[in-house]
Amino acid sequence: MTSDLQFLPTDPQFLLNPYPWLAKMRQEAPVFYDKEQQAWIVFRYDDVERVVSEWKTFSSKSPQPLGREDFTQSLPQTDPPKHQSLRTLVQKVFTPHRVEAMESRITELTHELLDQMKQHKHVDLIQAFSSPLPIFVIGEILGVPVDQREDFKRWSDGVLASDPTAIKNMADYFRQLLKERQSHPGQDLISDLIAAYEEGEKLTGQEVVDFCILLLTAGNETTTNLITNTIWCLHEHPDENQRLRNDLSLLPSAIEEVLRYYSPVTFLNRFTQVETQIGDQTIPQGQLVHPWLASVNRDELHFENADRFIIDREPNKHFAFGNGIHFCLGAPLTRLEAKIGIKALLSEFPNLCVDSKEPLKPLPNLRVHGLESLSVLL
């Protein structure tokens, strides 16, 4: 590879814009073994679709623990039949109706944060809005007291960074909350998860804890970055920004385009169950495979003008929430929070703009595409 298009997973400029490298890899090395990560990276749409769909070949369950022993049996780390039984039980209580019923409360929480922002002329959007909103919403769904919100945010960030202390603290907290709900059920998701049955099956205490941790960390990560990345994209594309501000009915399709263009989750983990072939590469059994969602969402063979940000793009079959049996259960909640949050943000702050004097700093995590902060002028 040429020196200007190297794989530099810790370089801030690469993390901000890996797309030229991804385009080169789709063309020249669509299935690539990275010695540093000891992983096979898969770049093309059709190949990634196969990897995330064929669970018998590409397992979600790690052959060895990945250092997160407190929740190794969560939905994303399991295959059928275990995955199906877990998902069925969880879907009984984490329903579209439950998400829709949160709309008015999400709107209230959104305006609480916006009212605090109105006291300032200049804020970090992530700290002031896009990070606390999903934490507050998920806390409400789980029935977590308001005074635990700061702890939740700290633990969630720690779990994403594989901090064993944060993982233990979060797991211990949910175990304690689980005990309380077993004795005194409430009108919250944890109480409903405890009561969920399917053909004689019931979630174990550990499985309830696992799902709570998943919902908190994944919900925080994806929604925070989706809201932030939307404002980032609009800043970089002033014509599309103006189109959206002139017609907020375009917001749902604009959100889908942000999910495609700046996918919050960069890649997934899969493990080969058997020796298999992808393209012209033979991958042995027991190998780590990284299907890159950020690459397939820019695949020129599936998206016309793939590197253009077009807020009314149609069709837009992106992979930001995965695909197949592991399609993200929280996708409807993330979309709803983003729709309410961004609409209110643009309506309440018609002059909101990114402070161009502040350099953009990417999250120092290859797995997630987002920013550490985003200074905005109100």
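The values are calculated or read from the model by the stated rules, or taken from the named source; none is laboratory data. Model, not experiment: these values are computed from the prediction. Methodologically, a virtual Cβ is constructed for each residue, glycine included, from the backbone with ideal geometry; neighbour enumeration extends over all protein chains shown. Each accessible area value is taken on the protein alone, full model and side chains, heavy atoms only, with ligands, DNA and RNA left out. Shrake-Rupley method; radii C 1.70, N 1.55, O 1.52, S 1.80 Å.
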**Residue in the range 96-119 that is open to solvent by less than 20 Å² (accessible area, probe 1.4 Å) and over 22 Å from the mean Cα position of the chain (by Cα) present** = yes
**Asked** Pick from the range 122-154 the residues that are at pLDDT below 95 and over 21 Å from the mean Cα position of the chain (by Cα): which of them is nearest to Gln187 (Cα to Cα)?
**Response** Gly143
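Can we say Asn323 is closer than 27 Å to Ser59 by Cα and not acidic (Asp, Glu)? Reasoning before the result, please.
Values: closer than 27 Å to Ser59 by Cα: yes; not acidic (Asp, Glu): yes.
Yes: the conditions hold for Asn323.
Going through the range 177-191 one residue at a time, which ones are open to solvent by less than 20 Å² (accessible area, probe 1.4 Å) and either β-branched (Val, Ile, Thr) or outside any helix (DSSP H, G or I) (or both)? Give the derivation first.
The first filter runs over the range 177-191 and keeps only residues open to solvent by less than 20 Å² (accessible area, probe 1.4 Å), leaving 177-178, 188-191.
Within the range 177-191, Asp188, Ile190 meet the criteria.
Tell me, please, whether a residue that is at pLDDT 90 or above, assigned to a loop (DSSP other than H, G, I, E, B) and within 24 Å of Thr334 (Cα to Cα) can be found in the range 69-86. Working first, answer last.
So the first thing to find is which residues in the range 69-86 are at pLDDT 90 or above, and the list is none.
No, that holds for no residue.
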**Complete:** Checking Leu113, Leu15 in turn, the sole residue that is hydrophobic (A, V, I, L, M, F, W, C), at pLDDT 95 or above and in contact with a strand residue (DSSP E or B) (Cβ under 6 Å, 6 or more places away or on another chain) turns out to be Leu15
**Odd one out for Val93 among (1) open to solvent by less than 80 Å² (accessible area, probe 1.4 Å); (2) within 19 Å of the chain's Cα centre (by Cα)** = (2)
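Only strands (runs of 3 or more DSSP E) wholly contained in the range 234-339 count here; list those with 2 or more residues that are buried (at least 22 other Cβ atoms within 10 Å of the Cβ). Spell out how you get there, then give the answer.
Values: elements: 270-272, 276-278, 281-283, 288-291.
Where strands (runs of 3 or more DSSP E) fall fully within the range 234-339 and carry at least 2 residues being buried (at least 22 other Cβ atoms within 10 Å of the Cβ), they are 288-291.
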**Asked** Residues in the range 160-169 that are free of Cβ contacts under 8 Å to residues at least 60 places away in the same chain and out of contact with any Lys or Arg (no Cβ under 8 Å at 6 or more places or on another chain): how many?
**Response** 3
**Message:** The conditions are (1) outside any loop (DSSP other than H, G, I, E, B); (2) more than 16 Å from Cys233 (Cβ to Cβ), and Leu366 fails exactly one of them. Which is it?
**Reply:** (1)
**Message:** Looking at (1) open to solvent by 30 Å² or more (accessible area, probe 1.4 Å); (2) modelled with pLDDT of 90 or more, which one does Glu198 not meet, given that it meets all the others?
**Reply:** (2)
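What about Ile231, is it open to solvent by 40 Å² or more (accessible area, probe 1.4 Å), assigned to a helix (DSSP H, G or I) and either in contact (Cβ under 8 Å) with a residue 24 or more places away in the chain or farther than 30 Å from Leu346 by Cβ (or both)? First the steps, then the outcome.
Values: open to solvent by 40 Å² or more (accessible area, probe 1.4 Å): no; assigned to a helix (DSSP H, G or I): yes; either in contact (Cβ under 8 Å) with a residue 24 or more places away in the chain or farther than 30 Å from Leu346 by Cβ (or both): yes.
The answer is no for Ile231.
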**Message:** Checking the structure you have, find out if any residue of the range 185-193 is at pLDDT 90 or above, out of contact with any helix residue (DSSP H, G or I) (no Cβ under 8 Å at 6 or more places or on another chain) and not small (Gly, Ala, Ser).
**Reply:** no
**Asked** In the range 125-145, how many residues are more than 17 Å from Glu103 (Cα to Cα) and outside any helix (DSSP H, G or I)?
**Response** 3
**Request:** Looking only at the range 214-272, count how many residues are touching a strand residue (DSSP E or B) at 6+ places or on another chain (Cβ under 9 Å), farther than 22 Å from Phe43 by Cα and hydrophobic (A, V, I, L, M, F, W, C).
**Result:** 4
